[in-house]
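See structure below.
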Amino acid sequence: MKRCNISLVSLVPITYEWNLITNDAHAAGGEQCLAESMQPPDTPNNGLPTILFADVHGYSKLMSKDEKTTSERIVRAVDLISLLVGDYGGEIRNVAGDGILALFKNSSQAVNFAVEMQREFRNDMVWNSQFDPILFRIGINVGKVREDRIGIQGHSINVAARIQAIAEPGGICVTENLIETVKTVKGIKLRSLGRPDLKNIEEEIEVFSIVDESNSNTIIATQPLQRDKELFSASENSIAVLQLQNLSGEPQYVHLCSGITGDIISNLTRFKDLHIIAQRSSSIFEGNKHSPSEIGRELGVRYLVDGGLQRAGNTVRIQVQLMDAKSGRIIWSERFDGDLSEIFDFQDEVTAVIAARLSVEIDAAEVQRQKLTTPNNLQAYGLVLRGKDIFQRLQRESNLHARRLFEQATDVDPLFARSHVGISRALNDAWRFNWADPPEPSLDEAIKQAELAIKLDPGDARGHAALGSACLYKRQHDESLAAYERAIKFNPNDADVLAEMGHSVCVYGDTDRAVELIKRAMSLNPYYPDWYLWHLGEAYFDMCDYDQAILTLNKMHDKTEAYRMLASSNALLGHLDEAQKCAQQLLVTHPEFTLEHWEHVPPDRNPEPRERLMEGLKKAGFK
């Protein structure tokens with residue numbers, strides 16, 4: 001059985017200036033309390049740093065079994081941690097054998113990092129099953145630390161180290177002074193471990209274990225627009241591929257199930273004769289007890305595909321079936337047994353059988369195109385799946401985190417086009433949301449990465465769509481539209497590409513076609529994400545229909561990206577109180593927002609809509 005080991009690329013840790021004492025000062029016998037230099041006085045921790053202590057579980061046992069391999073794996077793990085710590089606002093201060101000490105400016109960032117780090121290594125086990133897993137235990141505490149000629153010291157560090165020792169392998173323990181911080185982190189909860197005896201710690205401290213309840217592929221649905229019965233009726237070749245069930249029960253296989261499902265759907269969207277529901281909408285019914293007929297009616301499809309994935313020793317077993325949604329009758333069922341390296345053959349087989357059963361022709365060119373998308377190294381596929389998962393969160397640190405994983409994928413397999421698509425998308429967002437300094441090189445590199453993806457795989461719509469998006473923000477409008485036209489030629493039923501193209505068409509000036517494209521995307525993705533509404537609201541704004549823009553944007557589940565246009569639309573209608581409220585919310589969600597930056601972001605070919613947006617924002621109170 002073929003096995004693969006993920007290469008965690010060695011990279012220099014990012015260092016943040018925290019005004020610590022220099023080595024020269026240490027030599028002179030200097031000593032400094034680091035509490036004040038770590039955080040501003042108004043932070044939740046009252047200026048105290050957050051201490052994270054991580055240690056490899058069973059390090060001695062791993063070394064005794066295979067010292068060389070274990071050492072290499074630990075070095076790669078520490079290199080990855082060192083890189084990601086900086087992205088989450090922290091800094092590694094000491095590495096001793098299998099132990100890592102890191103300090104953070106902000107406790108919520110420390111907790112976020114710890115959770116993501118544990119998810120990273122948990123998911124890494126999917127692609128490294130031939131080895132005993134590298135499992136870290138993490139302890140987090142808040143308190144004073146001191147640095148002298150010996151190094152970083154302090155009672156608070158001792159506490160972090162002691163509670164780390166009682167964490168489960170792959171787990172995280174925190175002290176009671178982090179309760180309020182943990183409550184702000186989505187997808188986790190606390191379980192009290194009481195006040196255990198901690199070696200050489202006299203005071204009683206309540207310790208909590210962090211329970212990670214999140215399923216990073218769980219979709220938060222928005223309500224679909226009022227359905228047109230004709231638009232949403234089940235056509236002859238309409239189909240929804242439901243999320244593969246994770247029959248193994250191990251959380252690290254969730255992103256693998258999602259990735260395989262997404263690739264099957266992506267393959268099917270290339271067929272013009274199929275009406276294929278987007279993954280976001282079909283994922284709504286993961287694990288639900290709805291009958292096939294109920295799902296078919298809800299999604300407006302005639303056929304359903306479902307199945308499950310199970311890991312049995314070295315074998316991956318996947319069961320898939322195609323059924324008639326109305327009757328529940330199984331039309332075709334197949335079981336696939338093999339190792340992970342055969343996953344891509346399986347995806348192509350499933351796609352071919354479904355298309356054949358629904359009388360959709362697959363020609364030789366399509367078979368050859370599918371071969372181009374397969375990575376030479378399975379590790380790259382795993383890194384891209386994880387990066388894609390994290391990228392969707394639209395946060396500065398998650399953007400950096402995802403980019404690191406995409407970049408690692410290119411190192412593992414330079415010929416895998418999807419990793420370059422991921423880098424392009426991440427850099428594009430870094431430019432848009434002012435997460436890069438300076439911003440302009442990010443957008444230039446986004447275009448280069450998309451062009452490289454297209455060169456590697458000319459028939460993959462993802463690369464063309466990424467180029468369309470990057471060119472759009474460079475205000476290369478003709479190039480953007482041409483790229484999107486090529487993308488929908490290859491994947492005419494890809495809902496996300498259609499919605500993105502609607503945005504490109506809108507800023508080009510054809511708002512009627514933009515609305516048409518976005519609503520078509522909504523028909524393919526009835527539980528569409530918020531950004532569909534954002535683009536639709538923008539089209540109405542450009543039409544000067546501010547009431548319809550506000551109505552549309554207010555349907556968004558998360559209005560983070562809507563506050564700019566909501567503030568401007570309300571201000572232009574004379575609703576200044578509401579405009580100012582939206583402006584205040586904008587600064588809460590995007591504290592880095594400035595008019596000076598944003599006036600260069602909207603890519604409208606005609607400057608008039610952008611000027612109206614700026615006018616409204618100024619009326620809402622921005623200077």
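Every number here is computed from the coordinates shown, using simple stated rules; none is lab data. If you're wondering where the values come from, they're calculated on a predicted model, not measured in any experiment. Here the Cβ is made from the backbone with ideal geometry for all residues, glycine too, and neighbour counts use every protein chain on show.
Numbers at a glance
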| read-out | value |
| --- | --- |
| Lys/Arg +1, Asp/Glu -1 at C-beta; segment 238-369 dipole; positive extreme among GLN279, ALA355, THR315 | GLN279 |
| Calculated FRET value between LYS189 and GLU479, using beta carbons and R₀ = 51 Å, to 0.05 | 0.60 |
| Burial order of peptide ranges 190-202, 419-431 (average beta-carbon count within 10 Å, highest first) | 419-431, 190-202 |
| Theoretical gain in end-to-end length, SER64 to VAL353 [0.36 nm per residue, Cα-Cα removed] | 99.1 nm |
| ³J(HN,Hα) computed for each position of segment 271-285 - Karplus, 6.51 cos²θ - 1.76 cosθ + 1.60, integer Hz, glycine/proline x | 8, 5, 7, 9, 9, 9, 6, 5, 4, 4, 6, 5, 5, 4, 9 |
| Gyration tensor (Cα) of segment 532-623, equivalent ellipsoid semi-axes in angstrom | 16, 16, 13 |
| Separation of the LYS272 and ASP411 label points, Cα + 7 Å toward Cβ, nm | 4.4 |
| Lysines with Cα under 28 Å of LYS581, excluding same-chain neighbours fewer than 8 positions away | LYS183, LYS186, LYS555, LYS559, LYS618, LYS619, LYS623 |
| Segment 64-202 - Rg and Dmax from Cα coordinates, angstrom | 15.4, 43 |
| Highest to lowest packing among 387-395, 244-252, 111-119, scored as the average C-beta count within 10 Å | 111-119, 387-395, 244-252 |
| Segment 459-553: projected area of the alpha-carbon convex hull, averaged over directions, in nm² | 5.5 |
| Dipole-positive endmost among GLY537, LEU586, LEU613 within segment 532-623 (Cβ charges, Cα centre) | LEU586 |
| Convex hull volume per residue for segment 561-606, taking Cα atoms only, in Å³ | 77 |
| Equivalent ellipsoid, segment 238-369 (semi-axes from 5 times Cα gyration tensor eigenvalues, Å) | 22, 20, 13 |
| Convex hull per residue volume in Å³, alpha carbons only, for segment 375-492 | 90 |
| Gained length - GLU592 relative to LYS455, 0.36 nm times residue gap less alpha-carbon distance | 45.7 nm |
| Extension gain from HIS290 to ILE201, taking 0.36 nm per residue of separation minus the Cα-Cα distance | 26.7 nm |
| Footprinting exposure proxy for LYS559, LYS289, LYS489 (fewest neighbouring C-beta atoms within 10 Å first) | LYS289, LYS489, LYS559 |
